[in-house]
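Below you'll find the structure, written out as structure tokens, and then a few comments.
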Amino acid sequence: MNEVPSARLGGLYALYFAIVALSIGWFGPFFKSLGLSSQEIGIAIGVLTGSKIIAPYFWGYLGDHLNNRLRVVQCGILGSTVSCALLLTDFDFLELCLVLMCFGLFWNAIIAQFDTITLEYLGDSHHKYSQIRVWGSVGFIVMMLGSGWLFSFRAFDWLPWIMIVGLVLSGFLSLSLPVKRFQARSSQTAPKILDQLNQPVVLLFFTIASLNQFTHGPLNVFFTLYLQDHGYSALIAGQLWSLGVFAEVILFFVLPRWIGRMDLRLLLSGSLMAASLRWFGTAYFVDSLWALALLQLTHALTFGAIHAVSIEFIRRWFPGQLSGRGMALYSGFVFGLGGSLGALSSGYLWDTIGGAASFSLMGVMTLIAAIVSVRYLHNARLDPEFRSTTVFG
């Protein structure tokens with residue numbers, strides 16, 4: 001087997017999630033500086049995340065029928081760069097939504113296909129996935145700390161420029177990856193993706209994962225503004241964001257040691273319970289920096305562990321030629337449908353019931369998801385006997 005370009009793959013993950021840090025951490029304040037209301041901010045970010053509903057499957061279908069999936073990622077990077085450059089122009093609210101939709105259509109070509117590419121490069125060494133993916137978390141931390149420091153004394157109009165630089169660097173780095181081609185399979189013997197989607201447990205898993213992402217809406221859209229409204233600086237906000245992802249990094253390092261011996265269904269439900277505590281705590285202990293710091297550490301479970309379980313679920317239920325579309329469906333259902341509805345509803349909730357009540361409502365919803373996962377995911381192929389094929393070893 002050819003040598004895996006781990007450093008370059010890790011570098012692309014780092015750059016991708018550095019840009020995610022910029023969008024999650026600072027799009028809210030950036031749009032507020034442009035004069036948008038809370039509902040408009042929620043709609044704008046909802047449009048961006050909503051593009052994930054359809055776009056990933058289109059790119060996934062294309063990737064599954066090309067012998068070089070990397071071209072899909074490179075096309076996504078190029079289109080994202082051009083779209084991001086449009087944020088430097090003058091625009092009204094409708095034009096902003098159109099720009100964000102265009103950006104999302106290309107941006108969402110990247111991560112689902114890149115996860116698939118990484119697993120294809122790894123081959124039988126797929127248990128090393130988390131060791132490469134962890135550099136995405138490192139990139140997020142570094143960018144969030146750096147941008148928090150920068151925006152404590154610079155205007156938010158620097159944001160598009162920094163994103164463009166990251167995208168350009170990603171494009172050049174992607175060109176350095178060796179081409180790994182795959183023979184096209186006969187359509188007569190290709191597995192049918194509808195056969196998997198007709199499985200009730202698959203739809204239930206997607207629903208639970210989507211609901212979890214939905215409950216992240218107030219965090220992803222308004223957490224920075226929420227902190228600033230309670231007297232925290234941009235620097236502190238960046239540090240709190242980074243602390244959560246730092247905990248995720250630690251999780252990715254320790255996960256391979258014990259993940260293969262446990263029931264991933266229990267890990268999923270336990271992580272959802274931790275998410276419920278996180279949202280309730282964020283609602284009622286926002287004035288305590290120490291409490292917020294402890295709550296941010298649960299990000300290792302509320303996002304990191306749930307994402308890790310989800311990737312393994314997709315690998316088991318959507319093998320081979322279904323891999324790209326399976327990953328795209330996961331992205332579309334979870335980050336597209338769940339993320340966009342979470343962003344849109346959080347804008348409305350923020351104006352009507354306030355930040356604390358919004359987070360409390362998310363806590364209730366996540367607790368329900370945890371109970372459902374314990375009771376109804378027994379046939380989800382997440383049991384310990386599958387550990388011999390697990391991504392994590």
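The values are calculated or read from the model by the stated rules, or taken from the named source; none is laboratory data. In this text the structure is predicted, and so the values were computed from the model without any measurement. In this analysis, Cβ positions are derived from the backbone assuming ideal geometry, glycine residues included, and neighbour counts consider all displayed protein chains.
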So Ile236 fits all but one of (1) modelled with pLDDT under 90; (2) within 19 Å of Ser137 (Cα to Cα); what number is the exception?
(1)
If I filter segment 151-168 down to residues being over 14 Å from Ser33 (Cβ atoms) and either in contact with a Gly (Cβ under 7 Å, 6 or more places away or on another chain) or without any contact (Cβ under 8 Å) to a residue 60 or more places away in the chain (or both), which single residue comes out as surrounded by the most Cβ atoms within 10 Å (Cβ to Cβ)?
Val165
What are the residues in segment 47-103 that are of a type in the set (Lys, Arg) and over 21 Å from Gly336 (Cα atoms), if any?
Arg69, Arg71
Test result for Ala275, in a helix (DSSP H, G or I), over 19 Å from the mean Cα position of the chain (by Cα) and under 24 Å from Ser358 (Cβ atoms)
no
Only one of Gly217, Gly260, Gly281, Gly231 is small (Gly, Ala, Ser), more than 28 Å from Leu48 (Cβ to Cβ), out of contact with any strand residue (DSSP E or B) (no Cβ under 8 Å at 6 or more places or on another chain) and at pLDDT 90 or above, namely Gly231
If Ser360 satisfies all but one of (1) crowded, with 24+ Cβ neighbours inside 10 Å; (2) in contact with a helix residue (DSSP H, G or I) (Cβ under 6 Å, 6 or more places away or on another chain), what's the number of the condition it fails?
(1)
Has segment 32-46 got at least one residue that is closer than 18 Å to Phe333 by Cα and in contact with a Cys (Cβ under 8 Å, 6 or more places away or on another chain)?
no
Options Leu251, Leu255, Leu266: the member that is closer than 22 Å to Ile368 by Cα and at pLDDT below 90:
Leu266
Wholly within segment 109-193, helices (runs of 4 or more DSSP H) carrying at least 1 residues that are of a type in the set (Phe, Trp, Tyr), over 21 Å from Gly304 (Cα atoms) and at pLDDT 90 or above:
129-150, 159-175
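Here is a yes/no grid of residues against (1) buried (at least 23 other Cβ atoms within 10 Å of the Cβ); (2) in contact with a Ser or Thr (Cβ under 7 Å, 6 or more places away or on another chain); (3) assigned to a helix (DSSP H, G or I):
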site: Val254; (1), (2), (3): no, no, yes
site: Leu268; (1), (2), (3): yes, yes, yes
site: Phe280; (1), (2), (3): no, yes, yes
site: Val286; (1), (2), (3): no, no, no
site: Trp290; (1), (2), (3): no, no, yes
site: Ala293; (1), (2), (3): no, no, yes
